[in-house]
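The values are calculated or read from the model by the stated rules, or taken from the named source; none is laboratory data. On a predicted model such as this, the values are computed, not experimentally measured, just so you know. When we count neighbours, we look across all protein chains shown, and the Cβ atoms used for this are built from the backbone with ideal geometry, even at glycine.
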Amino acid sequence: MRIEPVTALLKFPLAIFLSFLASIASADGHSSLIQTVARIAGEIEAQVGFAAYDLESGQRWEYQADQRFAMSSTFKTLACAALLHRVDAGQESLERTVSFSESDLVTYSPITEKYAGGQAMTLSDLCEAALTMSDNTAANLVLRALGGPEKVTSFARDLGDDITRLDRWETELNAAVPGDNRDTTTPNAMVKSLQNLLLGDVLSGKSRDQLHDWLKRNQVADGLFRAAVPEGWIVADRTGAGGFGSRSITAINWPPERQPIVVALYLTQTEASFSERNEAITEIGEAIVLTVDSGR
């Protein structure tokens, strides 16, 4: 006997039916955000990788999230986290001073260029310069303190991240040549590592708070996610830029009185201008806010 659709629907337990409706709403919210990412990728003719995890709802969004992208300066979060991990283990001190010369300076070093060949800087000062101003020489000096780029790779493995790898120093690591796996990560891998570092127990409470503080005081990211979020949101982020039109941002975004959203966004292989790439990131940030505010 044929059962009419309405009759069959009435036979479903109410809880199952409501769950079904909820899954539809969730899927719609998911597709809306991802459709925005895909549209923007098409508009700027770029390869884009995106991953976001909402700790409040448990919702995940992914777009080419397992594709490799050059980390560029987003690696600096991992480098300073690795240093903090050594501090927690009693193997290092943030107050240790490091001297360096003008021959150590590389392109874009707005803080360290003032100290080269003169007053030493502490490791704490170097991480602050690397994370708040994206100072490249400061990042290299942190890498030197760790024992080289490969130590960041080893730290990633200790986090359970078997994808992320750092092979070179600033500024060579920003080459972002298509098909070159050196100095790369995936959006999914970075989101998981950020969650472990900033919201987990990998670091001591003191070190975790210090990493939060440095990232919240980032001074070179005002036109990106920070321009997209409403007043009251807190953003802790790290940006990057490199060859072949590469632009990136990794962030933890805290809406008021709510668990945060962890985001990793990488784009590359585009001829879009720097400002156009920034606008693309801001628009994706606005789409994240809209999705969260809609409760989907």
Task: Of all residues making up the stretch 257-280, the number that are closer than 21 Å to V177 by Cα and β-branched (V, I, T) - done: 2
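From the list D222, D213, D201, D209, pick out the single residue that is modelled with pLDDT under 95 and more than 13 Å from the chain's Cα centre (by Cα). Spell out how you get there, then give the answer.
Numbers: D213 fails: modelled with pLDDT under 95; D201 fails: modelled with pLDDT under 95; D209 fails: modelled with pLDDT under 95.
Going through D222, D213, D201, D209 in turn, just one is modelled with pLDDT under 95 and more than 13 Å from the chain's Cα centre (by Cα): D222.
Take the conditions surrounded by fewer than 22 Cβ atoms within 10 Å (Cβ to Cβ), at pLDDT 95 or above and either more than 21 Å from V87 (Cβ to Cβ) or in contact with a strand residue (DSSP E or B) (Cβ under 9 Å, 6 or more places away or on another chain) (or both) and apply them to I261. Does it pass?
Details: surrounded by fewer than 22 Cβ atoms within 10 Å (Cβ to Cβ): no; at pLDDT 95 or above: yes; either more than 21 Å from V87 (Cβ to Cβ) or in contact with a strand residue (DSSP E or B) (Cβ under 9 Å, 6 or more places away or on another chain) (or both): yes.
Judged against the criteria, I261 is not a match.
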- [ ] For the stretch 95-143, name all the residues that are crowded, with 18+ Cβ neighbours inside 10 Å, in a loop (DSSP other than H, G, I, E, B) and charged (D, E, K, R).
- [x] D135
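Inside the stretch 178-296, counting only strands (runs of 3 or more DSSP E) that do not spill past its ends, which hold 2 or more residues that are among the β-branched types (V, I, T) and in contact with a Ser or Thr (Cβ under 8 Å, 6 or more places away or on another chain)?
Details: elements: 234-242, 246-254, 261-268.
Hits in the stretch 178-296: 246-254, 261-268.
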TODO: Please indicate, with yes or no, whether at least one residue in the stretch 225-237 is surrounded by 14 or more Cβ atoms within 10 Å (Cβ to Cβ), in contact with a Phe, Trp or Tyr (Cβ under 8 Å, 6 or more places away or on another chain) and not aliphatic (A, V, I, L, M).
DONE: yes
TODO: Could you look through the stretch 113-150, keep only residues that are over 17 Å from R86 (Cα atoms) and among the small types (G, A, S), and pick out the one that is modelled with the lowest pLDDT?
DONE: G118
Open item on the list: Considering only residues that are in a loop (DSSP other than H, G, I, E, B) and either modelled with pLDDT under 95 or surrounded by fewer than 18 Cβ atoms within 10 Å (Cβ to Cβ) (or both), which ones fall in the stretch 151-162?
Closed with: G160, D162
